[in-house]
Amino acid sequence: MIFDFDTLSPNRRYHLITQGLVPRPIAWILSRNDNDSLNLAPFSFFNAVCSDPPLLMLSIGRKDGGEIKDSRRNILSKRDFVIQIPSRHHAAAVTASAASLEYGESELASLELELADFPGCSVPRISDSGIAMHCEFHEVHYLGPAEQAIVYARVRQFYVSDDILSENNGRHSIDAAALDPLTRLGGAQYASLGELFSIARPS
């Protein structure tokens, strides 16, 4: 079947895209609200776009009622935030942190997550996340009639747990299997990595 996107509603396009572009990495974002509490939310329209400068891309929409999402508001106003890459054991907490709350109400209040200081950053990190990135707002573009915010985040610091990191001849490697990253599929579905394999690149 071929779907003509010009004939489909934005909602139907969204559901096809999120079921077809799989698996997607999840940016689990900690940012600071105006009342100094912490906001935690997952986003899977997310990826790396540049290494010089080191930029990540986040696509952040609006709440169901049309209000700007809290993460977007905080990133644009506070500039400092932290992106965690959640592992499979975080799945329930990632889902719970997607709940729509009033601005200033912290998702962390109902989650059993421990935080750790992130030196040099005004926002802490989730202590048992294998990867956490201290990011700074870089630029934003707005797309479409609903003004979807395409946020570019500059990575300032990159935390990796010693448990998943090794070094060989001055080059660091992250053990993907040990990280066990949670990935997003369509609907309410997630996935883990499954079988890992390598194929040598042509010289």
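The table that follows gives values for the structure above.
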quantity	calculated
Cut-off 12 Å between beta-carbons: net charge of the residues surrounding Pro124, Lys and Arg +1, Asp and Glu -1	-1
Inter-label distance, nm, simple model (7 Å from Cα along the C-beta direction), Val49/Ile68	1.8
Accessible-area ranking of Lys63, Lys78, largest first, probe 1.4 Å	Lys78, Lys63
Debye intensity ratio I(q)/I(0), log10, segment 80-199, q values 0.09, 0.18, 0.22 Å⁻¹ (C-alpha model)	-0.33, -1.25, -1.46
Value of relative contact order over the chain, rounded to a whole percent, pairs C-alpha under 8 Å and six or more apart	24
Mean Cβ count within 10 Å, highest first, over the residues of peptides 169-176, 13-20	13-20, 169-176
Per residue value of the accessible surface for the chain (all protein chains in place, 1.4 Å probe), Å²	59
Helical mean residue ellipticity (222 nm; -39500 (n - 2.57) per DSSP H run of 4+; nearest 500) of the chain	-4000 deg cm²/dmol
Protection proxy ranking of 128-138, 51-61, 33-43 - average other beta-carbon atoms within 10 Å, highest first	128-138, 33-43, 51-61
Listed values (i) 16.5; (ii) 17.5; (iii) 18.2, entry calculated as Kirkwood radius over Cα pairs in Å	(iii)
Portion, in percent, of the accessible area of the chain that falls on carbon or sulfur, probe 1.4 Å	51
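The values are calculated or read from the model by the stated rules, or taken from the named source; none is laboratory data. Values in this document were obtained by computation on a predicted structure and should not be read as measured data. A quick note on method: Cβ atoms are made from the backbone with ideal geometry, for glycine too, and the neighbour counts reach across all protein chains shown. Note: areas computed on protein heavy atoms with side chains; ligands, DNA, RNA excluded. Shrake-Rupley method; radii C 1.70, N 1.55, O 1.52, S 1.80 Å.
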